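Data first, discussion second: the structure below is written as structure tokens.
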Amino acid sequence: MRILSTFLGLMAAVTAIPAIAQDAETIGKPVPNGLGFQPAATELATQIHRLDTLILVIITAIVLFVTALMVWVMVRYNRRSNPNPSSFTHHSTLEIAWTVLPILILLFIGANSLPVLFNQQEIPEGEVHIKVTGYQWYWGYEYTDHEFGFESFLLEKNALAENGYNEDEYLLATDTKVVVPVGKTVVMDVTGADVIHSWTIPSFGVKQDAVPGRIAQLWFEADKEGIYFGQCSELCGKDHAYMPITVEVVSEAKYNEWLKGAIEEYAGDMSTLPTVKVAAAD
């Protein structure tokens with residue numbers, strides 16, 4: 001199966017349209033020794049990063065407080081400093097405090113995290129609709145508004161340079177890319193053809209399991225042009241590590257140009273092309 005996937009990927013690389021010249025900046029990908037998130041390219045990702053920072057501050061404060069409290073207790077109430085320990089068993093004020101304060105902290109976290117969750121799960125009206133299907137071990141994409149689709153395979157290492165990718169982008173780059181316009185709401189219907197896969201782009205703040213027999217949805221609106229990478233995030237078999245995801249965000253003009261070529265190449269519906277408005281002459 002691995003040999004078949006490689007062969008199909010090479011054939012697709014040869015026959016696929018040169019969608020867009022590979023001069024876009026690569027933004028969303030892992031970096032050596034990286035510790036933080038990949039750069040946020042959507043409001044969803046920005047919200048996730050802010051929430052993560054907020055929770056990190058809260059838990060850091062709790063850890064420091066508990067650590068300081070333990071040190072104070074060890075110094076103040078050790079046998080040498082306190083040879084005659086107290087014998088009380090209850091302290092109502094303290095017990096109320098350590099019950100109420102965690103509740104308030106959790107309510108505060110919930111009040112800040114639920115809007116982020118709802119924003120991810122409430123799917124808006126899309127301007128671009130794409131159906132994503134996970135296969136063992138590649139991805140299929142259908143631009144349902146225009147009635148065409150294509151498959152996306154891992155780009156082999158010896159084909160990276162000729163397709164404009166760097167060597168460190170092996171296992172990230174694909175022979176065909178998902179192309180979407182900047183500033184437009186993209187809604188994806190995600191499913192699986194065989195086993196459970198998971199479609200994700202970290203810089204977009206989206207991740208959705210592709211479950212056979214079910215259709216789930218995700219959405220994003222990219223605000224930065226460039227190339228973004230993801231990988232299948234659900235263990236799906238022996239070639240799980242060889243089904244990456246590549247998305248290129250382009251200007252609306254470049255998107256329309258790509259769309260026209262893709263419809264011609266993949267026998268889509270040419271009548272669905274967006275109408276280009278021409279400014280009237282003075």
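The values are calculated or read from the model by the stated rules, or taken from the named source; none is laboratory data. All of these numbers come straight from a predicted model, not from anything done at the bench. With ideal geometry, Cβ positions are generated from the backbone for all residues, glycine too; neighbour counts draw on all protein chains shown. Surface accessibility is based on the protein's heavy atoms, side chains included, excluding ligands, DNA and RNA. Shrake-Rupley method; radii C 1.70, N 1.55, O 1.52, S 1.80 Å.
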TODO: Say whether the condition of being among the aliphatic types (A, V, I, L, M), open to solvent by 10 Å² or more (accessible area, probe 1.4 Å), farther than 24 Å from Lys260 by Cβ and free of Cβ contacts under 8 Å to residues at least 40 places away in the same chain is met by at least one residue in the range 150-171.
DONE: yes
Task: Residue count, the range 237-257 (criterion: open to solvent by less than 70 Å² (accessible area, probe 1.4 Å) and of a type in the set (Asp, Glu)) - done: 2
TODO: Run Leu101 past the list (1) open to solvent by less than 30 Å² (accessible area, probe 1.4 Å); (2) among the aliphatic types (A, V, I, L, M); (3) farther than 24 Å from Ser271 by Cβ and report the number of the one that doesn't hold.
DONE: (1)
Task: Cβ-Cβ under 6 Å pairs, at least 6 apart or on other chains, the range 49-69 side under 30 Å from Ser203 (Cα atoms), far side of a type in the set (Val, Ile, Thr) and assigned to a helix (DSSP H, G or I) - done: Leu51/Val116
TODO: State whether one or more residues within the range 260-282 are in contact with a Cys (Cβ under 9 Å, 6 or more places away or on another chain) and either part of a strand (DSSP E or B) or among the aliphatic types (A, V, I, L, M) (or both).
DONE: no
Open item on the list: Can you say whether Glu167 is among the acidic types (Asp, Glu) and closer than 28 Å to Gly237 by Cβ, as far as the supplied structure shows?
Closed with: yes
Open item on the list: Could you check the range 192-214 and list, in sequence order, the residues that are among the hydrophobic types (A, V, I, L, M, F, W, C) and either in contact with a Ser or Thr (Cβ under 6 Å, 6 or more places away or on another chain) or open to solvent by less than 20 Å² (accessible area, probe 1.4 Å) (or both)?
Closed with: Ala193, Trp199, Ile201, Phe204, Val206, Ala210
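Residue-by-condition table, conditions (1) at pLDDT 95 or above; (2) open to solvent by 70 Å² or more (accessible area, probe 1.4 Å); (3) within 28 Å of Asp239 (Cβ to Cβ); (4) in a strand (DSSP E or B):
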residue	(1), (2), (3), (4)
Leu51	yes, no, no, no
Asn78	no, no, no, no
Phe88	no, yes, no, no
Ile109	yes, no, no, no
TODO: Kindly check whether there is at least one residue in the range 236-257 that is touching a residue at least 60 places away in the same chain (Cβ under 8 Å), among the small types (Gly, Ala, Ser) and under 24 Å from Gly36 (Cβ atoms).
DONE: yes
